[in-house]
Amino acid sequence: MANSAPLKFHVPEPEVRPGGTPDFSNVVIPEAGSVERPPVDAEPESIRKLAFSIIRVLNRDGEAVGPWAGSLTDEELTAGLRHMMTLRAFDARMQMAQRQGKTSFYMQHLGEEAVSTAFRKALAKGDMNFPTYRQAGLLIADGYPMVDMMNQIFSNERDPLRGRQLPVMYSSREHGFFTISGNLATQFVQAVGWAMASAISKDTRIAAAWIGDGSTAESDFHSALVFASTYKAPIILNVVNNQWAISTFQGIARGGSGTFAARGIGFGIPSLRVDGNDFLAVHAVAKWAAERARSNLGPTLIEYVTYRAGAHSTSDDPSAYRPKTESDAWPLGDPILRLKNHLILRGIWSDERHKQAEAEVMDSVIAAQKEAEGHGTLHSGGKPSVRDIFEGLYEEMPPHLRRQRQQAGV
Amino acid sequence: MSIEILMPALSPTMEEGNLSKWLKNEGDTIKSGDVIAEIETDKATMEVEAVDEGVLAKILIAAGTEGVKVNTPIAILAVEGEDVDQAAKGVGEADETPKAIAVAAEPAPDKQAAVPAAPKTEAAADPDIPAGTEMVSTTVREALRDAMAEEMRRDQDVFVMGEEVAEYQGAYKITQGLLQEFGTERVIDTPITEHGFAGVGVGAAMAGLKPIVEFMTFNFAMQAIDQIINSAAKTLYMSGGQMGAPIVFRGPNGAAARVAAQHSQCYAAWYSHIPGLKVVMPYSAADAKGLLKAAIRDPNPVIFLENEILYGHSFDVPKMDDFVLPIGKARIHKPGKDVTLVSFGIGMTYCTKAEAELRGMGIDAEVIDLRTIRPLDLDTIIASVKKTNRLVVVEEGYPQSSVGDFIANQVSQRAFDHLDAPVLTIAGKDVPMPYAANLEKLALPNVAEIIEATKAVTYR
């Protein structure tokens, strides 16, 4: 021990910082169609390599290829494109509404639209998502009214959450969308509990847990994997790896494990990586996982490889920590453009129809916004009733709250 | 009719920013959604988007102007059919001009001008600051950064860790410049796990280093509370005095604005319950600096509760080489004889406003800033109560088992005969913080409540 070198520790650094040239050469992208589609009851041992590859369906020419292709009909595909376009238009309008002071905060999905919209279509009515703040596509694709989402964002007199929750933290039991928690990862383990409860009640509904790359560091993530693995809970464990947790690049949470999907291997959970910007691949993999859960084969971990093209939130400025042109260099492209090109190749879409659909989508978003603004925005018009501050805290209002309400004169 | 374009707020707590760049010139046609300018705060750079359409008639605030208050008119927009020159002249007729951007602004900082001026003896009267010391106006944010930087220069064992503290310079920019000065091994970005990095910090402290653990907010630190209470606070005791944890857990605490139930809780009373911890909650920049330095040097675990709204407030800070304040000593913010108002942290903003209004009514209130919640300086409170015979305690936390409850209990035991009225406590409403602005306001204490309580205990 006499000549031991001083000990060191390692702080991971992203490939480039602002001012540098974006470089994704380290992201290995397998060819579309090249990854096998195992049977849903495959032994986890036998499919370990799926945690280190990327399942892709749409190739560079826009063709759907390989064993994961074919999970959606023409109608479902055009509806999916429209859902992604709606989400993007919705984001653009709400982003602007925040800048105009109509709400204090907003979080957009730019570049990640395929993940939540395609996933929703692999679930059935009654299944429950425990989403993060970047899965509003689950609501859009399930037909939840945009005006209700906006009422929540504007915290107005029609706010379904009655002025109690942060903008974009939607909640709809009917649409299988559990109340979003502002504290990260808390719901990952709760989703496993929900799934186990469904099994205990001999129900047929499954659960889907959602988490970002950064918050996989939370202990809730690891607890969720332990429980899902031990009890073979009917759940899909979704990790959306959009490369950035605010300014923290994904390598800080991932450490030396290679991929986030690989975290599942030690737990014996079948773990797959999928191209998160490929609507068809996301749907096919989600459907595979849902079938496993529904057939009592247990949990599946899915890592969606995508890129957060926009800022983390309206309070964030990504140019402080990553090159401005980094999103242009992202090798998996834009999910809307990729599906659009595929539909054109399929002969069921055209540039003209796309342009027309863009206009229609924007019109419907603007119409919803007008209606919502008629019910008030953060600083003007209708507001939640002051009674709402005391309601809903307990099933029955206890006497001391009743007194406080009387004192407040409401 | 011309429209004024106002300086927007990027976030609910922003009060001012720099107008760094105009992207449109006078005379340019503007469409709704066009980016017309870039503004910059200490947090971020953002684009200003036009709401209304028209022609940019006049730029009122030049590019490069610093410290532009939110809601200040920055340009005039001539709307369709309007003469641009005429619109440009319309400056100054602001009362008739509709406001173009309604923004989420905080209430303007202290409107002290509207009330009788406070005696300007406060800072000089502070016994902890030598008379004649030069004062420098400093924000709480800068004071906290300066405290950490000074202690890190002084002691190689001090380091800071937390989410976003390095590359991003802190989610609230409290660690601004520290990475550049001290490098990646002393300013450490952590994975997102408060439970994890609080535990790592406690371990590092037990190994003899002096970590400063920044929580992005104490609201995220609930999952770290086991590390703080069961390990940091108790290990020295349990190990028979062998292994302590000289560590500071710091970050914003309590409500900011528009951040709702899970991000708006005050933990002063929670941590004050725990033997083994010290709990500091400063109001002014001088106290923030002097007490954070003391906390870093303290051999015990210290919970250092800051406030997001106070970060941008400026106060006089003494220009001294090594300004350290004692933990556990309250500060008489303003002496008085008719009633004692006790508060701490952001609660002081309500009390100072109430004090000024009460002065206008002929009530001379003594205002005490606790600064430290544990150990609590009861002697200063009791000495004051013996003089004024009346006590009102103000805090933003929940009413049950509050800091005020404990003070009321102690005062009734130790100075009962000196009380001419029951001790009144003012706290937040007993509900999770709602999001909506009107409900949020209702959930927090306000100046009127303090005045009403003061009138009640002085029988006015």
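Give me the extension gain from A:Gln406 to A:Lys355: residue separation times 0.36 nm, minus the current Cα-Cα distance, reported in nm with one decimal.
Values: separation 51, 0.36 × 51 = 18.36 nm, distance 5.60 nm.
Going from the current span to full extension adds 12.8 nm.
Straight-line reach only, C-alpha to C-alpha below 13 angstrom: list the aspartates and glutamates that B:Lys278 could link to, leaving out same-chain residues fewer than 8 apart.
Excluding near neighbours in sequence, the set is B:Asp298, B:Asp377.
If each residue of separation counts as 0.36 nm, what is the full-extension length gain between A:Arg294 and A:Glu13 once their alpha-carbon separation is subtracted? Please list the in-between numbers first.
Numbers: separation 281, 0.36 × 281 = 101.16 nm, distance 4.06 nm.
Extra length from A:Arg294 to A:Glu13 when fully extended: 97.1 nm.
Set the Förster radius R0 to 41 Å, insert the Cβ-Cβ distance between A:Ser171 and A:Thr73 as r into 1/(1 + (r/R0)^6), and round the FRET efficiency to 0.05. Walk me through the numbers on the way to the answer.
On the way: r = 31 Å, r/R0 = 0.76.
Taking R0 as 41 Å, the efficiency between A:Ser171 and A:Thr73 is 0.85.
If the chain between B:Lys21 and B:Lys441 were fully stretched, how many nm would it gain, using 0.36 nm times the residue separation less the Cα-Cα distance?
Numbers: separation 420, 0.36 × 420 = 151.20 nm, distance 3.48 nm.
Contour length minus Cα-Cα distance gives 147.7 nm.
Mind listing the long-range amide H neighbours of A:Ile246? Cut-off is under 5 Å, sequence gap 5 or more, other chains count too, H placed in the peptide plane at 1.01 Å from N.
Those qualifying (amide H under 5 Å, at least 5 residues apart or on another chain) number zero.
Quick query: amide H of B:Val68 versus all other amide H atoms, modeled in the peptide plane; which residues come in under 5 Å with a sequence gap of 5 or more or a different chain?
Amide H neighbours of B:Val68: B:Gly17, B:Asn18, B:Leu19.
Please figure out what share of the DSSP beta bridges in chain A is antiparallel and state it in percent, rounded to the nearest 5. Don't skip to the end; give the middle numbers.
Details: 5 of 27 bridges.
Of those bridges, close to 20 percent are antiparallel.
Can you divide the C-alpha Rg of chain B by 2.2 N^0.38 Å and report the result to two decimal places? All intermediate terms of the calculation are to be shown ahead of the outcome.
Details: Rg = 24.1 Å, N = 460, 2.2 N^0.38 = 22.6 Å.
So the Cα radius of gyration is 1.07 times the expected 2.2 N^0.38 Å.
Cα centroid distance between the stretch A:254-269 and the stretch B:375-394, in Å?
The distance from the Cα centre of the stretch A:254-269 to that of the stretch B:375-394 comes to 57 Å.
Heavy atoms only, probe 1.4 angstrom, no DNA, RNA or ligands counted: give me A:Val410, A:Val285 ranked by accessible area, highest first.
Working: A:Val410 45, A:Val285 0 Å².
Per-residue accessible area, sorted high to low, gives A:Val410, A:Val285.
For the protein assembly as shown, what proportion of DSSP beta bridges, expressed in % and rounded to the nearest 5, is antiparallel? Walk me through the numbers on the way to the answer.
On the way: 37 of 90 bridges.
Approximately 40 percent, going by the DSSP bridge assignments.
List, in the order given, every pair from B:Lys173/B:Lys353; A:Lys232/B:Lys429; B:Lys58/B:Lys353 whose Cα-Cα distance in the structure shown is over 32 Å. Walk me through the numbers before you get to the answer.
On the way: B:Lys173/B:Lys353 28 Å; A:Lys232/B:Lys429 43 Å; B:Lys58/B:Lys353 38 Å.
From the list (B:Lys173/B:Lys353; A:Lys232/B:Lys429; B:Lys58/B:Lys353), the Cα-Cα distance tops 32 Å for A:Lys232/B:Lys429; B:Lys58/B:Lys353.
Report ³J(HN,Hα) in whole Hz for each residue of the stretch B:335-349, in order, from the Karplus equation J = 6.51 cos²θ - 1.76 cosθ + 1.60 where θ = phi - 60°; Gly and Pro get x.
After applying 6.51 cos²θ - 1.76 cosθ + 1.60, I find x, x, 10, 8, 7, 9, 9, 10, 8, 6, x, 5, x, 5, 5 Hz.
Roughly how large is the A-B contact in terms of buried accessible area, totalled over both chains, probe 1.4 Å, nearest 100 Å²? All intermediate terms of the calculation are to be shown ahead of the outcome.
Values: alone 18780 and 19980 Å², together 34440 Å².
Approximately 4300 Å², summed over both chains.
Tell me the mean residue ellipticity at 222 nm calculated for chain B from its helices only (DSSP H runs of n ≥ 4, each -39500 (n - 2.57), averaged over every residue, nearest 500). Let's see the in-between values first.
Values: 14 runs with 124 residues, N = 460.
It lands at -7500 deg cm²/dmol.
Please compute one quarter of the surface area of the Cα convex hull for the protein assembly as shown and express it in square nanometres.
40.6 nm²
In sequence order, what are the phi-derived ³J(HN,Hα) couplings for the stretch A:104-111 according to the Karplus relation 6.51 cos²θ - 1.76 cosθ + 1.60 with θ = phi - 60°, rounded to whole Hz, with x for glycine and proline?
8, 7, 8, 10, 9, 10, 2, x
With the other protein chains left in place, how much accessible area per residue, in square angstrom, belongs to the protein assembly as shown at a 1.4 angstrom probe? If you can, show how the numbers build up before the last one.
On the way: 34440 Å² over 870 residues.
That works out to 40 Å² per residue.
Would you please give the FRET efficiency between A:Asn3 and A:Ser257, computed as 1/(1 + (r/R0)^6) with r the Cβ-Cβ distance and R0 = 25 Å, to the nearest 0.05? Don't jump to the answer; show the numbers that get you there.
Values: r = 33 Å, r/R0 = 1.30.
Between A:Asn3 and A:Ser257 the formula returns 0.15.
Sort out for me the Cα centre separation of the stretch B:18-65 from the stretch A:137-195, rounded to whole Å.
34 Å
Assuming R0 = 60 Å, what is the FRET efficiency of A:Ala124 and B:Ala131, from their Cβ-Cβ distance, to the nearest 0.05? Please report the intermediate quantities before stating the final value.
Numbers: r = 76 Å, r/R0 = 1.26.
Result of the calculation: an efficiency of 0.20.
Mind checking the angle between helix A:219-231 and chain A's longest principal axis? C-alpha axes, 0 to 90 degrees, to the nearest 10.
70 degrees
Go through the stretch B:144-186 and flag every residue whose accessible area shrinks by 10 Å² or more with all protein chains in place compared to the isolated chain (probe 1.4 Å).
Those residues are B:Glu164, B:Glu167, B:Tyr168, B:Thr184, B:Glu185.
Between the helical axis of B:403-414 and the dominant principal axis of chain B, each derived from Cα atoms, what acute angle in degrees is found, rounded to the nearest 10?
That works out to roughly 40 degrees.
Under a 5 Å amide H to amide H cut-off, with H placed in plane at 1.01 Å, what residues pair with A:Leu272 once short-range neighbours are removed?
Amide H neighbours of A:Leu272: A:Leu301, A:Ile302, A:Glu303.
So what does log10 I(q)/I(0) come out to for the stretch B:3-88 at q = 0.13, 0.23 Å⁻¹, using the Debye formula with one equal point on every Cα and no solvent?
-0.37, -1.07
Using the Karplus curve 6.51 cos²θ - 1.76 cosθ + 1.60 with θ = phi - 60°, what ³J(HN,Hα) values do you get for each residue of the stretch A:248-256, in whole Hz, with x for Gly and Pro?
Result, ordered by residue: 8, 6, 4, x, 5, 7, 6, x, x Hz.
Loop by DSSP (not H, G, I, E, B), at most 12 other beta-carbon atoms within 10 Å: where is the longest site-free stretch of chain A for chymotrypsin sites (Phe, Trp or Tyr not before Pro)?
Details: sites that count: A:Phe9, A:Tyr394.
So the longest stretch without any such site is A:10-393.
Accessible area of chain B with a 1.4 Å probe: how many percent of it is carbon plus sulfur? Spell out each step's value before the answer.
Numbers: 9220 of 17790 Å².
Summing carbon and sulfur atoms, their accessible area is 52 percent of the total for chain B.
The values are calculated or read from the model by the stated rules, or taken from the named source; none is laboratory data. Computed from a predicted structure; not experimentally measured. Glycine gets a Cβ as well: all are built from the backbone with ideal geometry, and neighbour counts include every protein chain shown. For accessibility, only protein heavy atoms count, side chains too; no ligands or nucleic acids. Shrake-Rupley method; radii C 1.70, N 1.55, O 1.52, S 1.80 Å.
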